[in-house]
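Have a look at the structure below, then the notes.
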C-alpha cells in the first residue's frame, strides 16, 4: 500500500463505511437515516434498501419489544445506552450484537436523533454458549460425584495437589461434626498415637506421588477411637501432573478388634499346648522310669537263675539253649536301659 492509499483509507467516509463495526443513525420513531456498508453487509441488503426500513423492523420480536420497553426510556433519561444485547434479522438468518447508542435532544429536551454502533458477537455468543455448556456439564459432574460420595458408607474427601483438603462428603460431617477444611488438612481427627507417623507418611506421598494407605485410629464426635483403613490416591492430568488426591476411609474397627482377640486367643492356646506337652513329657519319663524298674525286676531274677544254672554241668544241647536265653536276656536289658535313659532332642 503506497502513501496515497494510506491517506485514502483514513478519510472520514472510508472509515465510516469500512470499519469492522456497524454504524447507524435513526430517529426516535425508528426511521433509519444513515448506515455504513459494514452494517448493510451483515443485513445482506443495499444501503438504499436499508434506509427505507424502520430500525425496529430489522430486530427480532423479542429484541424489538425489549428495545421499546427498556432502551427507549434509557435513551430519553440518560442520553446513552451501553452494551445492549440485540438480535438483528438478516438475509442469512439472525445475528447477535451489542449496541452502544447516544441520543441527541433539541432545545425543548426531546430526542431528535440516535447514533449507534453495532458490534457483531455471533462467534462470541457461540463461544460463550459453549463455555456455559461446559460449565453446566462440570457442575452436573460435580453434583453426581457429591451424590455418589454421599451414598457410599465410606468417608470420602478430595485434596489439592499440595495436600490441602478441598471437599468432604456427608459421612465425614456426620462422623466429625461441622469442622473447617483446615481440620482435615492437619490430620486433627487422627488419634495422637497415629498422628505423627501418618503425617510424615502423607507428606512423603505428596512429594513422591505415591498412594497413601495405612490403618489408622480416628476419633469422631463419639470420642472413641475406631480403626479405619485409609487410602489416598493421586489423580494425574493429561500432562502427567498430580491435579488432585481422592481419599477414602473404611471402618474396620470390628474386624480389627476381632483380629486382636484372635491373636490373643491363639497365643494363649499355644502357651497351654506347650505346657501340656511339657507335662506329658515329664509324665512319660516317669512312666518309662517306673516301667523300666518293673521290667528289670523279673529280668534280674532271670539273670540270677542263669548264673545258677551255669554253675551246674549240662549236656551240650542244653548249653546251646542256655546261650540263646542269655543272649536274649542281654538284648532285653540293653533295650530297657535305653528307654530309661532316653532324652528328647532340644526344641528349635
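The values are calculated or read from the model by the stated rules, or taken from the named source; none is laboratory data. The shown structure was predicted, so the numbers you read here are calculated from the model rather than taken from an experiment. When we count neighbours, we look across all protein chains shown, and the Cβ atoms used for this are built from the backbone with ideal geometry, even at glycine.
When each of 138, 188, 160 is tested for being free of Cβ contacts under 8 Å to residues at least 40 places away in the same chain and within 20 Å of residue 243 (Cα to Cα), the lone residue that passes is 138.
Here residue 234 passes the criteria (1) more than 18 Å from the chain's Cα centre (by Cα); (2) more than 24 Å from residue 255 (Cα to Cα) except the one numbered (1).
The condition (being touching a helix residue (DSSP H, G or I) at 6+ places or on another chain (Cβ under 8 Å), in contact (Cβ under 8 Å) with a residue 12 or more places away in the chain, at negative phi and in the same structural domain as residue 35 (by TED's automatic domain parsing)) is satisfied by just one residue among 116, 101: 101. Taken across region 196-203, residues that are under 17 Å from the mean Cα position of the chain (by Cα), under 22 Å from residue 146 (Cα atoms) and either without any contact (Cβ under 8 Å) to a residue 40 or more places away in the chain or not in a loop (DSSP other than H, G, I, E, B) (or both) do not occur at all.
Scanning region 45-61 for residues that are within 57 Å of the chain's Cα centre (by Cα) and exposed (fewer than 13 other Cβ atoms within 10 Å of the Cβ) gives 57, 61. Looking across 181, 113, one residue alone is more than 21 Å from residue 231 (Cβ to Cβ) and surrounded by 11 or more Cβ atoms within 10 Å (Cβ to Cβ). It is 113. Within region 81-88, is there a residue that is surrounded by 14 or more Cβ atoms within 10 Å (Cβ to Cβ), touching a helix residue (DSSP H, G or I) at 6+ places or on another chain (Cβ under 8 Å), free of Cβ contacts under 8 Å to residues at least 24 places away in the same chain and closer than 30 Å to residue 44 by Cβ? Yes, the conditions are met somewhere in region 81-88. When region 184-212 is filtered for residues that are surrounded by 13 or more Cβ atoms within 10 Å (Cβ to Cβ) and in contact with a strand residue (DSSP E or B) (Cβ under 6 Å, 6 or more places away or on another chain), the ones remaining, listed by number, are 184, 185, 189, 190, 191, 194, 198, 202, 205, 209, 212.
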